[in-house]
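The values are calculated or read from the model by the stated rules, or taken from the named source; none is laboratory data. This structure is a prediction, so every number in the text was calculated from the model and none was measured. Counting neighbours? That spans all protein chains shown, and the Cβs are built from the backbone with ideal geometry, glycine included. In case anyone asks, the SASA skips ligands and DNA or RNA and just uses the protein heavy atoms, side chains included. Shrake-Rupley method; radii C 1.70, N 1.55, O 1.52, S 1.80 Å.
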Amino acid sequence: MSQMLAYAAPMVPVYVLNAPALAVLPALYAKHAPISMAAIGAVLMFTRLFDVATDPLIGYLSDNSRSSLGPRKPWIILGASICMLAVYFLFRPGPSTGVVYFLIWSVALYLGWTLVEIPHAAWLKELSNDYAERTRISGFRAAAQYLGQLLFIASPLLPFFVTTEMTPEVTAFSSWVVIAIMPVTIFLCIRYVPAQNIEAKPNMSVRIIMRGLIANRPLRFFAAAHFGINLSMGMSGALYFFFLDNYLHILDKIAHLGVTAAIISLVGTPIWSVIIPRIGKHVSLAICAASNAIALAAMSTISSGPLAFPLMLLIYGSSALTTAGMVISLYALMADIVDYDQLKTGTNNSGSYYSVIVLLQKLGIALGAGLAFLFVGLFGFDAKSEENSAFAMSGFFLAFLVIPIILNIGAAFAAWFFPLDRRRQAIVSRRLNDIKRRGGVE
C-alpha cells in the first residue's frame, strides 16, 4: 500500500498543472492576452508536432537508460525540474504575454510533463504482472490524478479570491502549488518505489521498435479508441469554458462543477478498480466512451436560465464517474499490450509503448483544442463577446458537441473489439513466466 501511494504521488502535482494547461489556459490566453483564437489553435497544434518527435524518443531513452536509480527515475527527476520552471511562466497570462511567450513556455511545460509521464507510466507494467493488480495500481494512479485536478479546480473557492471564476490569478496560485508539492512527491516516489533494471537486447533499435509498434494488433485497436476519446475531449474541453461563460452565463460556477466532478471521479476510482477486472478492461473502456457520447448529447438540451447549473451539475458529474473508469482502463490495458509485445520480441519496451499513450493523449487533446479554436474562429465566434450570431453558435456546437459525440461512438466500437481480453492476457503472462524460468527473458 505504501509503495502504491508513493508511486502515485507525483501525479498529484502533474495534474494540478495538467488540468489548466489542456483546458483552461488556452481560454484564459484568448480572453486576457493579445492573442487571437486562431493563433492559439496554431500554437497548440505546433506543440503537438514537437511531441511527435520527443515522446517516442523519451520512451526509447527511458527503456535503454542505465543508472544506479534504475531506468525510469532520472528522467522523472529531470521532467519535474522543467515542469516547475515552465509552470511559473505559463500560468500567468496577461497583456504582456504574446504568442511567442505562449509558444515557448507551452513547449517547455509539455516537455517536462512528458519526461515525468512516460517513464512513470511505463513503470506501472514493471510493478506487477497480475491482470487485477495492474488495474488496482492504475486506480491509485488515477486517484492521484483526480486529486491534483481537485486541488486546481477548487482554487477559485478560496476566500482570498474576489470571484469564483477561473482567472489568471487562480492559475498563478496553482503554479505555486505545483512548485511546492512537486519536490516532495518526487522524493517519495524515488525513495520508496523499487526500480527494476531492464536488460534491453542490443538489436532493439528505434527502427525495430517502431516496426513492432505498428505490427502490434492490440495496439492498433487501443490507439483508435484512445485517440478518438482524446480528440473528443480536446474539442469539448477547449470550448467548455466558453459554453459556461458565453452561452449558459454560469462561469462563476465553474469551480463548483469542477470540484463536484473531481470528487466523484476520486470516489469512483476504487469502485472501478473492483468492476474493471470482473467485466474486462476493454469492455469498461467501451462502456465509458459510449457514456461520454450520451453525456455530450444531454448537454445539448441545456439552455441559459435557472436550471442551467443544476442540469450541468447532474450531467457533468455523471460523466466524471465514467471518465474515471476510462483512465484506469487505458493505463492498465497498455501494460497487457506491452506483455504481448514482450512475448513477441523478447524485450521489455514499456517506455516506448507508454509514450504512445502520452503522445495520443497530448496529440488528441491539443489537436482537438486547436481544431476547435480554428473551427469556431472560422464561424466568427468571439470569445470576448457576450452575444454571438446564430451562425457562430452553430459552428460552436458542431465543434463542442456533434463531432465529439461521433468520435466517442467510434472509440467505443474500437474498444469493444479489442482482441486482448483477460483470458488471452493470462496466456501471454503464463508464457512470459515460462520463458523467464528458462532464462530467456530478463
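Only a single criterion out of (1) under 17 Å from F400 (Cα atoms); (2) assigned to a helix (DSSP H, G or I); (3) modelled with pLDDT of 90 or more; (4) aliphatic (A, V, I, L, M) is not satisfied by I302, namely (2). Cβ-Cβ below 7 Å, separation at least six or inter-chain, first residue in the stretch 335-358 and on the phi > 0 side of the Ramachandran plot, second modelled with pLDDT under 75 and open to solvent by 10 Å² or more (accessible area, probe 1.4 Å): which pairs? Note: pairs meeting the criteria are G346/K201; G346/G440; G346/V441. Within the stretch 39-59, no residue that is on the phi > 0 side of the Ramachandran plot sits with its Cβ atom under 7 Å from a residue that is among the hydroxyl-bearing types (S, T, Y) and open to solvent by 10 Å² or more (accessible area, probe 1.4 Å) at 6+ positions apart or across chains.
Restricting the stretch 268-294 to residues that are of a type in the set (S, T, Y) and open to solvent by 20 Å² or more (accessible area, probe 1.4 Å), which is nearest to L330 (Cα to Cα)? Let's see the steps before the verdict.
Residues of the stretch 268-294 that are of a type in the set (S, T, Y), as a first pass: 269, 273, 284, 291.
With the extra rule that they be open to solvent by 20 Å² or more (accessible area, probe 1.4 Å), the set shrinks to 273, 291.
Details: S273: 12, S291: 16 Å.
Among those residues, the one meeting the criterion is S273.
Among the residues of the stretch 338-357, the ones that are within 16 Å of N433 (Cα to Cα) and either out of contact with any Gly (no Cβ under 9 Å at 6 or more places or on another chain) or not in a helix (DSSP H, G or I) (or both) come to 8 in all. All of E133, E126 fail the test of being within 30 Å of L343 (Cα to Cα), in contact (Cβ under 8 Å) with a residue 60 or more places away in the chain and either open to solvent by 10 Å² or more (accessible area, probe 1.4 Å) or in a loop (DSSP other than H, G, I, E, B) (or both), apart from E126. Report yes if some residue within the stretch 173-189 is crowded, with 20+ Cβ neighbours inside 10 Å, closer than 26 Å to L61 by Cα and of a type in the set (F, W, Y); otherwise report no. For the stretch 173-189, residues crowded, with 20+ Cβ neighbours inside 10 Å, closer than 26 Å to L61 by Cα and of a type in the set (F, W, Y): absent.
Let's see how each residue does on (1) assigned to a helix (DSSP H, G or I); (2) open to solvent by 20 Å² or more (accessible area, probe 1.4 Å); (3) of a type in the set (S, T, N, Q):
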position	(1), (2), (3)
M393	yes, yes, no
L398	yes, yes, no
L401	yes, no, no
L407	yes, yes, no
G410	yes, yes, no
A415	yes, no, no
Q425	yes, no, yes
R430	yes, yes, no
K436	yes, yes, no
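For the stretch 1-86, the helices (runs of 4 or more DSSP H) that sit wholly inside it and include 2 or more residues that are closer than 19 Å to G370 by Cα are 11-19, 25-32, 37-64. Exactly one residue out of S138, S155 is within 19 Å of the chain's Cα centre (by Cα), small (G, A, S) and surrounded by 16 or more Cβ atoms within 10 Å (Cβ to Cβ): that is S138.
For the stretch 362-391, the tally of residues that are open to solvent by less than 40 Å² (accessible area, probe 1.4 Å) and not in a helix (DSSP H, G or I) stands at 4.
Scanning the stretch 305-327 for residues that are under 22 Å from the mean Cα position of the chain (by Cα), under 18 Å from F400 (Cβ atoms) and of a type in the set (A, V, I, L, M, F, W, C) returns I315, A320.
Got at least one residue in the stretch 71-82 being at pLDDT 90 or above, β-branched (V, I, T) and open to solvent by 20 Å² or more (accessible area, probe 1.4 Å)? Yes, the stretch 71-82 has at least one match.
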